[in-house]
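Undergrad: First, the structure itself, so that you have it in front of you.
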Amino acid sequence: QSKFQALHTSPILRLSDTPDPATNERRLEQVRYSYFTLGAQTSVPFSELREWYEAQQVWDKLLYRDDFQIKAGLQAGDVVIYDNKKVLHARNGFTGARHMAGVYLEASDLWSHLGQAKDRALAAAAVTA
């Protein structure tokens with residue numbers, strides 16, 4: 001990561017363009033935040049920089065509050081599934097060897113496959129009943 005260099009400008013929080021019909025609020029579509037990719041704010045007008053950095057400090061403090069974190073000790077074979085666009089994730093230190101594998105998939109594909117598995121299970125249960 002020390003050699004990581006990229007120029008990418010995007011908001012930390014991206015909300016939906018239209019409000020949710022049930023709540024009349026815009027939904028969170030993506031959160032993008034990483035300490036090693038956060039650089040100087042060239043897209044913020046100079047007159048707003050102080051306010052932006054003050055807001056960033058509030059954001060940073062929120063991220064480290066225990067009531068905004070879920071901590072789990074993982075064991076060999078454990079699986080964690082989360083929406084990479086809506087959940088910030090990190091790890092604490094660890095000892096010993098570790099092997100992690102990641103996969104990216106579309107939420108609609110996941111829900112489709114889970115729905116199909118549920119339908120197969122219900123059909124199998126009906127046959128044995």
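The values are calculated or read from the model by the stated rules, or taken from the named source; none is laboratory data. If you're wondering where the values come from, they're calculated on a predicted model, not measured in any experiment. Positions of Cβ are generated from backbone atoms using ideal geometry, with glycine treated the same way; all protein chains shown enter the neighbour counts. Accessible surface is based on the protein model in full, side chains and every heavy atom, while ligands, DNA and RNA are left aside. Shrake-Rupley method; radii C 1.70, N 1.55, O 1.52, S 1.80 Å.
Undergrad: Work out the FRET efficiency for GLN30 and THR128 from their Cβ-Cβ distance, taking R0 = 30 Å, and round it to the nearest 0.05.
TA: Values: r = 44 Å, r/R0 = 1.46.
Once the sixth-power term is evaluated, E becomes 0.10.
Undergrad: In deg cm²/dmol, rounded to 500, what helix-only [θ] at 222 nm does the chain give when every DSSP H run of at least 4 residues adds -39500 (n - 2.57) and the total is split over its residues? If you can, show how the numbers build up before the last one.
TA: Numbers: 2 runs with 37 residues, N = 129.
Result for the chain, helices only: -10000 deg cm²/dmol.
Undergrad: Along the charge dipole of the stretch 64-129, pointing to its positive end and built from +1/-1 on Cβ of Lys, Arg, Asp and Glu, which listed residue (SER108, ALA125, TYR64) has its Cα farthest out?
TA: TYR64
Undergrad: Not counting the cut sites, what is the longest span of the chain without GluC sites (Glu not before Pro) that DSSP labels loop and that have at most 13 other Cβ atoms within 10 Å?
TA: Details: sites that count: GLU25, GLU106.
The answer is 26-105.
Undergrad: Run through the stretch 42-129 and list the trypsin sites (Lys or Arg not before Pro) located in a DSSP loop whose Cβ has at most 11 other Cβ atoms within 10 Å. The partial results should precede the final answer.
TA: Values: sites: ARG50, LYS61, ARG65, LYS71, LYS85, LYS86, ARG91, ARG98, LYS118, ARG120; in loops: ARG65, LYS71, LYS85, LYS86, ARG91, ARG98.
Here the trypsin sites (Lys or Arg not before Pro) that fit, given the DSSP loop and packing criteria, are ARG65, LYS71, ARG91, ARG98.
Undergrad: Right, another one. At a 1.4 Å probe radius, carbon and sulfur cover how many percent of the accessible area of the chain? Can you show the working numbers first?
TA: Values: 6700 of 12070 Å².
Summing carbon and sulfur atoms, their accessible area is 56 percent of the total for the chain.
Undergrad: Along each of the three principal axes of the Cα atoms of the stretch 67-129, give the extent in whole Å, ordering the values from largest to smallest.
TA: 49, 26, 26
Undergrad: OK, next. Any idea what angle helix 49-63 forms with the longest principal axis of the chain, computed on alpha-carbon atoms, 0 to 90 degrees, nearest 10?
TA: For 49-63 against the chain, the angle is about 30 degrees.
Undergrad: Using a 7 Å offset from the Cα along the Cα-to-Cβ direction at both VAL58 and GLN41, what is the distance between the two label points in nm, to one decimal?
TA: Result: 1.2 nm between the two label points.
Undergrad: Dipole of the chain (Lys/Arg Cβ +1, Asp/Glu Cβ -1, origin at the Cα centre): which of LEU88, HIS99, SER43 lies farthest to the positive side?
TA: Projecting each Cα onto the dipole axis, the largest value belongs to HIS99.
Undergrad: Also, I was wondering about something else. Quick one: accessible area per residue over the chain, 1.4 Å probe, rounded to a whole number of Å²?
TA: Details: 12070 Å² over 129 residues.
In whole numbers, the chain has 94 Å² accessible per residue.
Undergrad: Moving on. For helix 107-128, report the angle its Cα long axis makes with the longest principal axis of the Cα atoms of the chain; keep it between 0 and 90° and round to the nearest 10°.
TA: Compared with the principal axis, the helix lies near 20 degrees.
Undergrad: Same structure, new question: Return the loop-located chymotrypsin sites (Phe, Trp or Tyr not before Pro) in the stretch 23-126 (DSSP other than H, G, I, E, B) with at most 15 other Cβ atoms within 10 Å of their own Cβ; answer none if there are none.
TA: Numbers: sites: TYR33, TYR35, PHE36, PHE46, TRP52, TYR53, TRP59, TYR64, PHE68, TYR82, PHE94, TYR104, TRP111; in loops: TYR33, TYR35, PHE36, TYR64, TYR82, PHE94, TYR104.
Those that pass, being in a loop and sparsely packed, are TYR33, TYR35, PHE36, TYR64, TYR82, PHE94, TYR104.
Undergrad: Here is a follow-up. Can you give the charge dipole size of the stretch 10-71 about its Cα centre, rounded to the nearest 20 debye, using +1 on the beta carbon of Lys and Arg and -1 on the beta carbon of Asp and Glu?
TA: Working: 8 positive and 10 negative charges, 39 e Å.
Its charge dipole is roughly 180 debye.
Undergrad: Show me the three semi-axes of the equivalent ellipsoid for the chain, from the C-alpha gyration tensor (sqrt of 5 times each eigenvalue), largest first, rounded to whole Å. Don't skip to the end; give the middle numbers.
TA: Numbers: eigenvalues 266, 110, 43 Å².
Equivalent ellipsoid of the chain: 36, 23, 15 Å, largest first.
Undergrad: If you only keep lysine pairs separated by 8 or more in sequence, or across chains, how many in the chain come under 22 Å at the Cα atoms? Let's see the in-between values first.
TA: On the way: LYS61/LYS71; LYS61/LYS85; LYS61/LYS86; LYS71/LYS85; LYS71/LYS86.
Number of lysine pairs found: 5.
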